[in-house]
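Enquirer: If you scroll down you'll find the structure; I have some questions about it.
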Amino acid sequence: MARFGAIVSSLWRRAGGRFSLVVLGLWVLVSLVSLVWTPQPLWRTDGYDVWAAPSAEHWLGTDGTGADIVSWLMAGSRTDLLIVILTVLFAGALGLLLIAAMTARNSVLANTSVVAVDALISVPTILIALILAVPLGASVAVIVVACGFGYGLNLARVARPQALLVARSAYVESAVSNGASGVRVLFGHIVPNILPVLLVQLSLSAGTAVLAESGLTYLGVGVPSGTPSWGHSLATTVRFITVYPLTVLWPGLVVTVVVVALNLFGDALRDAVDPVGNPALRRVAVEETEA
């Protein structure tokens, strides 16, 4: 608990960390509130009140079907939050699995894994999504698998040099000679030492997943029609940007702010969990050692 408090305190002291905590906290709060309440019923449309300007009834106006923009953005926040969480989990699991293979003591497995990652990382995420969309159709699963696969490969490639350095260190060699399993070496030695790199890459993956959702939904292989999401709000209004620019401004602004917050969160968290850059964390570690 003391470590967690030191990390949160360090995040809050940084301007970028404070901004990201506020934005991400609001995102989670709005997602939870949208489960039980939105300013207007989500599926209520009014053909006589399309492209309405902001008013007391419709805070940010309406879209081309007369649906309330605020209500759709609130409902879309939980869809994007789900996509981000699932994508980060998928990318993290795949990345750690590949790191374990790329730093394995079996040279054949390690070399084969490196070659495979270098070959697969060149495959564009959009191509993976299009291939998956053939059997699965437009769905959240397409976004999660396509993005998680691409980001997991990138995570493994970026973290491999530092992970390999740890895996070949004297204390890991000693642990292996004393019977430590590969899983224990991975989670007991390698992951703690490459944690800052992992956090930054996963935060970048989270931000990119939000952008990918918007792009893939616009192309018709992302969130299916009728499911609220920020990408869906952009896709249905971007054609009228020159006539009704405000309807595109709001979802675009939300996506921009959230992506910036996720990127800043990763940078701030990297410094917060690193004892070298966080004196409070060093003091907690010393106190725990003395106790």
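Enquirer: Quick one: in the stretch 218-254, of everything that is in a helix (DSSP H, G or I), hydroxyl-bearing (Ser, Thr, Tyr) and at pLDDT below 90, which residue is surrounded by the fewest Cβ atoms within 10 Å (Cβ to Cβ)?
Expert: So, considering only residues that are in a helix (DSSP H, G or I), hydroxyl-bearing (Ser, Thr, Tyr) and at pLDDT below 90, the one surrounded by the fewest Cβ atoms within 10 Å (Cβ to Cβ) is TYR218.
Enquirer: Let me ask you something else. Which condition does ARG239 not pass, out of (1) over 21 Å from the mean Cα position of the chain (by Cα); (2) under 26 Å from VAL145 (Cα atoms), if it passes all the others?
Expert: That leaves (2) as the condition not met.
Enquirer: Further, regarding this structure: Just need a number here: residues in the stretch 6-40 that are under 16 Å from SER71 (Cβ atoms) and in a loop (DSSP other than H, G, I, E, B).
Expert: 6
Enquirer: Checking the condition at pLDDT 95 or above, buried (at least 19 other Cβ atoms within 10 Å of the Cβ) and touching a Pro at 6+ places or on another chain (Cβ under 6 Å), which residue from GLY61, GLY76 passes?
Expert: GLY76 is the lone residue from the list that is at pLDDT 95 or above, buried (at least 19 other Cβ atoms within 10 Å of the Cβ) and touching a Pro at 6+ places or on another chain (Cβ under 6 Å).
Enquirer: Filter the stretch 12-48 down to residues that are surrounded by fewer than 16 Cβ atoms within 10 Å (Cβ to Cβ) and closer than 20 Å to LEU249 by Cβ and give me whichever is modelled with the lowest pLDDT.
Expert: For the stretch 12-48, the residue satisfying everything is PRO39.
Enquirer: The conditions are (1) in contact with an Asp or Glu (Cβ under 7 Å, 6 or more places away or on another chain); (2) in a loop (DSSP other than H, G, I, E, B), and TRP43 fails exactly one of them. Which is it?
Expert: All conditions are met except number (1).
Enquirer: Same structure again: Within the stretch 55-94, how many residues turn out to be within 22 Å of VAL23 (Cβ to Cβ) and part of a loop (DSSP other than H, G, I, E, B)?
Expert: Looking only at that region, the number is 2.
Enquirer: Something else now. Within the stretch 95-116, which residues are assigned to a helix (DSSP H, G or I) and buried (at least 22 other Cβ atoms within 10 Å of the Cβ)?
Expert: Correct list: GLY95, LEU98, ILE99, ALA100, MET102.
The values are calculated or read from the model by the stated rules, or taken from the named source; none is laboratory data. Small disclaimer: the values here were computed from a predicted structure and weren't measured. Cβ: placed from backbone, ideal geometry, glycine included. Neighbour counts: every protein chain shown.
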